[in-house]
1. Which lysines have a Cα less than 16 Å from the Cα of Lys67, not counting those fewer than 8 places away in the same chain?
2. In square angstrom, what is the accessible area per residue of segment 399-552 with a 1.4 angstrom probe?
3. Which shape class, rounded, prolate or oblate, goes with segment 313-406 when its Cα gyration tensor gives a ≥ b ≥ c as root eigenvalues, a/c under 1.5 marks rounded, and past that a/b bigger than b/c marks prolate?
4. Quote the relative contact order of segment 362-469 in percent (integer), defining contacts as alpha-carbon pairs under 8 Å separated by 6+ residues.
5. Under a point spin-label approximation (7 Å from Cα along Cα-to-Cβ), what is the Lys393-Asp186 distance to one decimal in nm?
6. Within segment 331-407, what is the number of lysine pairs with alpha carbons under 23 Å apart, leaving out pairs fewer than eight places apart on the same chain?
7. Which percent of the accessible heavy-atom area of segment 208-294 goes to carbon and sulfur, probe 1.4 angstrom?
8. Over segment 408-540, what percent of the accessible surface lies on carbon and sulfur atoms, probe 1.4 Å?
Amino acid sequence: MEQVKTPWAEHLGDIPLHLEYFEGTMFSAVERIAKRYPDQTAFDFMGSSTCYRKLLSETVKCARALKALGVRPGECVTIAMPNCPQAIYLFYAVNLVGAIANMIHPLSAEKEIEFYLNEAESKTAITLDQFYDKFAHIRGNTGLKNLVIASVKDALSPVKKVGYALTEGRKIPKLPADAPVIFWKDFLKNGSSIKSSVRAERRSEDPAVILYSGGTTGTTKGIVLTNRNFNALGQQIIATNPMFRVGDRMLAAMPLFHGFGLGVCIHAMLSQGGRCILIPRFTPKSYAKQITKYKCSFIAGVPTLYEALLRLPGMEKADFSSLKGVFSGGDSLSVELKKKLDAYLRDHNASVQVREGYGTTETVTACCLTPPHMFKEGSIGLPFPDTYIKIVKPGTSEELPYGDEGEILLAGPTVMLEYRKHPEETAQTLQTHADGLTWVYTGDLGIMDAEGFIYFRGRAKRMIVSSGYNIYPGQLENILDANEAVQMSCVIGVPDPYRMQKVKAFVKLAAGVSADETTKQKLLAYCKTHIAKYAMPYDIEFREELPKTLVGKVAYRVLEQEELAKREGKTT
């Protein structure tokens, strides 16, 4: 058996290379903490705090309610909710009864929701009243039998409930009197009839969660993750942050349907004694306000979230001195944005810098993070404990020398079980090598240096090939973002009959900069001094906003589709 190289081992500092992992379910991991720290606050939501004891009791109530609906072990229960208490209770209740939590975004389009329900063969779904219409419109095309409707007001204090009813609550249309749904209170009430134990016997390696991603081909698939995947991630997050203490506060703004939000911001905290500050709907203003109000210890987000934070007015006196860790993931953090964010943190009394991480939904989320004691410009850091990374010639198992660019492969305790109903792509993505490890072929390009630090070079799917030259949009975006006139950029390849593809840049200008021809020519002149001729944008288009995905990444595919539609319109 081949020996796996771990050049990063001597640079981990206080971070261990290996851990002893908890063997049990996700619920059991949280239950263990709740029994140890029953009076510690587990999470805060809109001004109200919930202790671990209540988290446990409410989860058991929800588990009884699920059993009363007939939910069985191994069955998929769909949760389409924002970051709110009911979503937390349900997530662990589904796990307690041995079912699988099918996590979807409540803002998904109707056809997407239909796809998610059918893909998981889900008979039970829980969502909020404001999303009822979407489910009602597509319900007949699915096997959905039980639709549970909750409301934000159900989780509020009496005073807050009145305020909500007069503001946000007024915007939500009332459900039809004959709507075939089960309201939250009735859902819980029905569960009181279950007197027997609701705990299902489930193993660490059993499937527990389904998250959705494009995988390596770009088509949406359900990624099946186990109890062990999530529990291992929780322990790894704490191990890579030795400054963590029980009771430390994590700002949970990243959504629950995403591995970053569910794995890092929620389960890593609740399985290790942390405290989650739940943000049901993200706005830069609410995000910044909660950091200072709750004196948050940790914040995690995508680059676009931090970019919005930098532009927020009225933050001159904000005090971020409570921060122990600031993490960026989900998308590539440009060198320039990191510099701006580090300066911003410093100016607001924080003693830490942003630490970039990397991962894929196939490994829940992050599996690599810049260590707290050692930083290299442009690097996404070192692998988590028991996680291995190697760089290979794309599509092969041939490991490349340090410094050579190739495909990033990942192995470790957070690697998914499979793509649900996609055995062929599962076999392509998960491959066992001569070293005995099962490796995830990420389709991402990167470099490893001799000390084991990883450098992300771009998504292989996003590579532009122009006149035979390989061009990586992320590199061009870094250059554009460094210009003081640019707030954010996105670079795409546009079909070209001669060069196959040519480069086009979309730019959101900094405040006060005029979107005119003079500015465009200045930026093109700047590009000429920083970008090779073959990679030069043929055009720069100014946009007031760049399209975003549901998790806040710049939606470059939307821009690609728009350009394609324009070209097809010209030729018809």
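1. Lys123, Lys145, Lys185, Lys189, Lys195
2. On the way: 7040 Å² over 154 residues.
For segment 399-552, the per-residue accessible area is 46 Å².
3. On the way: a/c = 2.66, a/b = 2.36, b/c = 1.13.
Since a/c reaches 1.5 and a/b is larger than b/c, the shape of segment 313-406 is classed as prolate.
4. Values: 183 pairs, mean separation 28.3, N = 108.
Once divided by the residue count of segment 362-469, the mean separation gives 26 percent.
5. 6.4 nm
6. Working: Lys338/Lys376; Lys339/Lys376; Lys340/Lys376; Lys376/Lys390.
Lysine pairs meeting the criterion: 4.
7. Working: 1170 of 2230 Å².
Of the solvent-accessible surface of segment 208-294, carbon and sulfur hold 52 percent.
8. Details: 3030 of 5820 Å².
Its accessible area is 52 percent carbon and sulfur atoms.
The values are calculated or read from the model by the stated rules, or taken from the named source; none is laboratory data. Bear in mind the structure is a predicted one, so any value in this text is a computation, not a measurement. Please note: Cβ atoms are built from the backbone with ideal geometry, for glycine as well, and neighbour counts cover all protein chains shown. All accessible areas refer to the heavy atoms of the entire protein, side chains included, with ligands and DNA or RNA removed. Shrake-Rupley method; radii C 1.70, N 1.55, O 1.52, S 1.80 Å.
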